[in-house]
Amino acid sequence: MKSTGITRKVDELGRIVLPIELRRTLDIAVRDELEIYMEADRIVLQKFEPSCVFCGSSRNLMSYRGKNVCMDCVHNMEKV
């Protein structure tokens, strides 16, 4: 993990501001969704990329009952 030397304080509502340099580098725009999770004792922020609930692919997705499914998995289910 690369240290940037940038620090931010958490406000009363638990918010932090991501520096513009990081947002530009990671192509994070206003209203983009970020995924938040923990790895050991670290909080990880990652730009959210929709993916198939079965195989994890982010290509050729369709929504089925609120879940993303790729066309390859749809075709595989048709064979069963």
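Descriptive notes on the structure:
- Among the residues making up the stretch 24-48, a single one is of a type in the set (Lys, Arg) and either touching a Pro at 6+ places or on another chain (Cβ under 7 Å) or open to solvent by less than 70 Å² (accessible area, probe 1.4 Å) (or both): LYS47.
- In the set (1) outside any loop (DSSP other than H, G, I, E, B); (2) open to solvent by 70 Å² or more (accessible area, probe 1.4 Å); (3) farther than 30 Å from HIS75 by Cα, ILE16 fails one condition alone, (1).
- With respect to the stated conditions, SER51 is closer than 30 Å to MET77 by Cβ and either part of a loop (DSSP other than H, G, I, E, B) or basic (Lys, Arg) (or both).
- Failed item, numbered, when HIS75 is tested on (1) open to solvent by less than 80 Å² (accessible area, probe 1.4 Å); (2) in a helix (DSSP H, G or I): (1)
- Unique residue being of a type in the set (Ser, Thr, Tyr), surrounded by 12 or more Cβ atoms within 10 Å (Cβ to Cβ) and free of Cβ contacts under 8 Å to residues at least 40 places away in the same chain when the list is SER51, SER3, SER63: SER51
The values are calculated or read from the model by the stated rules, or taken from the named source; none is laboratory data. Small disclaimer: the values here were computed from a predicted structure and weren't measured. Ideal geometry is used to build each Cβ from the backbone, glycine not excepted, and the neighbour counts take in all protein chains shown. With ligands, DNA and RNA removed, areas are computed over all heavy atoms of the protein, side chains included. Shrake-Rupley method; radii C 1.70, N 1.55, O 1.52, S 1.80 Å.
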